[in-house]
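The values are calculated or read from the model by the stated rules, or taken from the named source; none is laboratory data. Keep in mind it's a predicted model, so treat the numbers as computed, not measured. With ideal geometry, Cβ positions are generated from the backbone for all residues, glycine too; neighbour counts draw on all protein chains shown.
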Amino acid sequence: MLITSIYGGLLGLWFLVLSVRVIKGRGRGISIGDGGDAQMLRLMRGHANFAEYTPMILLLIAMAEYQGMASIWIHAWAACLLIGRVLHGYTFCFHDNFPPGRVGGTVLTFIALLGASLSLLWMAIQRSA
C-alpha cells in the first residue's frame, strides 16, 4: 500500500499545518470554542472538516489498493482527495473569501469519495460473480 502511504503522509502533514493554524488562533485568548470570533470559527471548521472527511476516504482508497485496484485509479482518487483537502483547508484557514477553493475542494473531495466507493463496490461485485 505504498501509494496510499505516500498520500496519507502528505495529508498528515497538511493536517498538522491546519492544526497549527487553530493553535495560533487560540493564542488570541480563545481557549474553548470559537469565542464568537468569526475567524476562529473558520479555522476550527477548516480543521474539523478535514478530520471529518479525510480518514474515511483514505481508508476506502487503502482498501482499494489492498485489493489490487490499478495504481492509476489509486493515484486518481488520492490526488483528488489531496488537492481537494488542500484547496478547502486553504480557503478556510488562510483566506477570508475564496469561493473557488471551497467549491473546488468540496467537488474534488466528493469525486474521491464517490470514485473510491464505487470502485470498491465494483471490485466486490466482480469477484463475487
So which residues in the stretch 92-107 are part of a helix (DSSP H, G or I) and surrounded by fewer than 16 Cβ atoms within 10 Å (Cβ to Cβ)?
-> P99, P100, V103, V107
Of (1) over 25 Å from M1 (Cα atoms); (2) of a type in the set (S, T, N, Q); (3) modelled with pLDDT under 95, T106 fails just (3)
Provide a single number: the residues in the stretch 28-71 that are part of a loop (DSSP other than H, G, I, E, B), small (G, A, S) and either within 19 Å of D96 (Cβ to Cβ) or touching a residue at least 60 places away in the same chain (Cβ under 8 Å) (or both).
-> 2
Output for Cβ contacts, cut-off 6 Å, separation at least six or different chains, first residue free of Cβ contacts under 8 Å to residues at least 40 places away in the same chain in the stretch 110-129, second of a type outside the set (S, T, N, Q) and part of a helix (DSSP H, G or I), reads I111/C80
Does V86 meet the test of being among the aliphatic types (A, V, I, L, M), out of contact with any Cys (no Cβ under 7 Å at 6 or more places or on another chain) and surrounded by fewer than 15 Cβ atoms within 10 Å (Cβ to Cβ)?
-> no
Please indicate, with yes or no, whether at least one residue in the stretch 21-31 is in contact with a Lys or Arg (Cβ under 9 Å, 6 or more places away or on another chain) and among the β-branched types (V, I, T).
-> no
What is the residue count in the stretch 3-34 for residues that are farther than 14 Å from C93 by Cβ, out of contact with any Leu (no Cβ under 9 Å at 6 or more places or on another chain) and surrounded by 15 or more Cβ atoms within 10 Å (Cβ to Cβ)?
-> 2
